[in-house]
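In what follows, a structure is listed as structure tokens, so that the remarks can point back to it.
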Amino acid sequence: MSLYNVDTYKGSFLYFSNINDKNGCVRMINRILAFFVNLMQRYLPDPFTIVWVITLFVGAMALIITNTSPMAVIDYWGKGFFDILGFAMQMSLVLITGYALASANIVRRFLQKIVLIPKTPKQTILFIGFASMALYYFNWGLGLIAGGFLAREAAKQHRDTDFRVLVTAAFSGIIITHGGLSASVPLVINTKGHFLEGQIGLVPLTQTIFHPQTLLITLTLAIVIPLVCVLMLPKKEETVVADISLLEDYTVSEAAVATEVHLADKMDNSRFLNYSLGLAGLIYLVAYFTKNGFNLNVNILIFMFIVLGILAHGTLLNYARAISKGTATASGIILQFPFYAGIMGIMHGSGLVHVISNWLLSISTYETFELACYFSSLIISIFVPSAGGHWVVQAPFMLPAAATLGVEPWKVAMGVAWGESIWNIVCPFWALPLLAIANMNLRDLMGFSVLLFIIGNIVAIAGILLITH
């Protein structure tokens with residue numbers, strides 16, 4: 001059964017040509033959209049396949065460029081394989097705890113109420129777009145899951161709004177992820193004990209997500225992208241709506257009430273145990289922020305979302321079930337990050353890091369180095385769909401070159417982070433959880449989001465060039 005009203009569905013990448021075939025600019029955008037949709041669907045393999053291809057490529061570079069023996073390359077790979085397990089666990093928990101909070105029934109009911117606020121299709125898209133920006137700014141795991149729920153609920157309540165644009169607006173907030181409070185690279189390098197602390201120390205958030213450059217890019221994107229989503233709305237006769245019968249409920253169910261209640265059941269469903277844990281967590285958070293100010297790092301962010309999730313679910317058993325479901329969303333991180341660490345091991349052990357660093361030095365200056373980090377991140381994003389994975393792959397060769405040029409570590413970090421953040425809007429890897437919730441085809445989302453990707457690049461590059469200190 002089709003998700004869409006088949007009488008009006010024309011295919012997402014054909015939409016723009018339906019607006020005005022006489023407009024050459026629109027036809028050009030249409031060709032760009034079609035190119036990217038077809039490119040991704042035909043030639044982009046599974047992320048796990050990609051990480052092994054990158055491993056082979058880096059290994060071959062080490063053999064050819066550094067004259068390292070094949071056995072030495074394998075040895076470097078194996079020794080580095082488990083070097084960042086702590087980092088992988090942190091990234092997994094950011095996503096899992098965000099999922100658990102978003103799936104709580106109290107959060108779901110809240111989302112069902114707020115989608116009633118807008119009345120017209122334009123208001124609906126604008127509202128969902130701004131809501132997505134707020135969710136992703138707070139936590140990218142929360143935005144990923146809650147955005148899908150928002151799109152589903154909005155589709156049920158606003159039958160006159162194009163479902164493709166609705167889901168695009170719900171997903172659009174991912175473009176500001178690394179300007180937000182859960183930005184993985186800035187939070188990691190502000191967390192004591194991170195794997196590069198000996199090289200760059202701790203980098204405060206005032207130099208990353210709260211720096212004027214980041215604030216300018218984030219705010220501009222948060223305003224411009226929802227407005228562009230509104231402009232994507234088709235004419236009334238060309239509107240594509242969802243088949244509501246396919247939007248089945250997608251919740252973490254409450255714990256079933258057994259006919260015979262045992263002590264274990266009472267403990268699992270005890271409100272006292274649940275809220276006493278939540279209260280203890282809140283007391284710790286208040287004490288932490290009172291002592292340290294708003295010094296957010298990845299560990300305290302995870303702790304915050306665990307506490308909020310426990311309070312939202314009402315019982316420890318419900319929260320445990322939500323975490324169990326959410327774990328599936330982090331499977332890519334769990335599987336792939338050790339391979340990223342293996343790549344880092346090859347680069348360090350063979351000396352390939354220094355070769356690439358010297359090449360970067362030959363083509364970059366202090367003024368252009370952050371842009372070099374940004375563009376290289378865009379390219380690596382095609383193969384490594386994770387900012388954490390990016391940082392592991394890029395930091396080893398970017399930081400030595402930056403140090404030689406006198407470039408501050410925050411510029412390297414934010415160049416890498418923004419490159420990955422802008423790419424996120426066209427990354428199938430991150431779209432899959434939302435598409436599963438919204439019950440939508442990848443082609444339809446990517447066809448629209450490529451235009452947001454182009455606009456996002458313009459905003460990010462302008463921000464990097466305008467504010468350099």
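The values are calculated or read from the model by the stated rules, or taken from the named source; none is laboratory data. Predicted model, so just to flag it, every value in this text is computed and none were measured. Reconstructed Cβ throughout: ideal geometry from the backbone, glycine too, with neighbour counts over all protein chains shown.
Quick look at the numbers
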{"read-out": "Test: residue in segment 62-77 that is of a type in the set (A, V, I, L, M) and not in a helix (DSSP H, G or I)", "value": "no"}
{"read-out": "Only one of I283, I302 that is among the β-branched types (V, I, T) and surrounded by fewer than 21 Cβ atoms within 10 Å (Cβ to Cβ)", "value": "I283"}
{"read-out": "Checking N139 against (1) at pLDDT 95 or above; (2) touching a Ser or Thr at 6+ places or on another chain (Cβ under 8 Å), the condition it does not meet", "value": "(1)"}
{"read-out": "Test: residue in segment 162-181 that is in a loop (DSSP other than H, G, I, E, B), at pLDDT below 95 and polar (S, T, N, Q)", "value": "no"}
{"read-out": "Residue within segment 143-152 that is buried (at least 23 other Cβ atoms within 10 Å of the Cβ) and either among the basic types (K, R) or more than 22 Å from L95 (Cβ to Cβ) (or both) present", "value": "yes"}
{"read-out": "Any hit, segment 189-196, residues being buried (at least 24 other Cβ atoms within 10 Å of the Cβ), among the aromatic types (F, W, Y) and closer than 26 Å to I209 by Cβ", "value": "no"}
{"read-out": "Lone qualifier among T365, T315 - being at pLDDT 90 or above, over 23 Å from L56 (Cβ atoms) and either within 27 Å of the chain's Cα centre (by Cα) or not aliphatic (A, V, I, L, M) (or both)", "value": "T315"}
{"read-out": "Residue identified as of a type in the set (A, V, I, L, M, F, W, C) and assigned to a loop (DSSP other than H, G, I, E, B) among I209, I217, I223", "value": "I209"}
{"read-out": "Yes/no for G86 being closer than 19 Å to L435 by Cα and either in a helix (DSSP H, G or I) or modelled with pLDDT of 90 or more (or both)", "value": "no"}
{"read-out": "Qualifying positions in segment 331-353 - within 17 Å of V94 (Cα to Cα) and surrounded by fewer than 20 Cβ atoms within 10 Å (Cβ to Cβ)", "value": "S331, I334, L335"}
{"read-out": "Any chance V407 is in a helix (DSSP H, G or I), at pLDDT 90 or above and either among the acidic types (D, E) or over 16 Å from the mean Cα position of the chain (by Cα) (or both)", "value": "no"}
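For every residue, the table says whether it meets (1) on the phi > 0 side of the Ramachandran plot; (2) at pLDDT below 90; (3) not polar (S, T, N, Q).
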{"position": "V393", "(1), (2), (3)": "no, yes, yes"}
{"position": "V412", "(1), (2), (3)": "no, no, yes"}
{"position": "I422", "(1), (2), (3)": "no, no, yes"}
{"position": "C427", "(1), (2), (3)": "no, yes, yes"}
{"position": "R443", "(1), (2), (3)": "no, yes, yes"}
{"position": "S449", "(1), (2), (3)": "no, yes, no"}
{"position": "I467", "(1), (2), (3)": "no, no, yes"}
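Residue by residue, here is whether (1) closer than 26 Å to I145 by Cα; (2) modelled with pLDDT of 95 or more; (3) out of contact with any strand residue (DSSP E or B) (no Cβ under 8 Å at 6 or more places or on another chain); (4) not in a helix (DSSP H, G or I) holds:
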| residue | (1), (2), (3), (4) |
| --- | --- |
| V261 | no, no, yes, yes |
| M267 | no, no, yes, no |
| I283 | no, yes, yes, no |
| K291 | no, no, yes, no |
| L296 | yes, no, yes, yes |
| I300 | yes, no, yes, no |
| F305 | yes, no, yes, no |
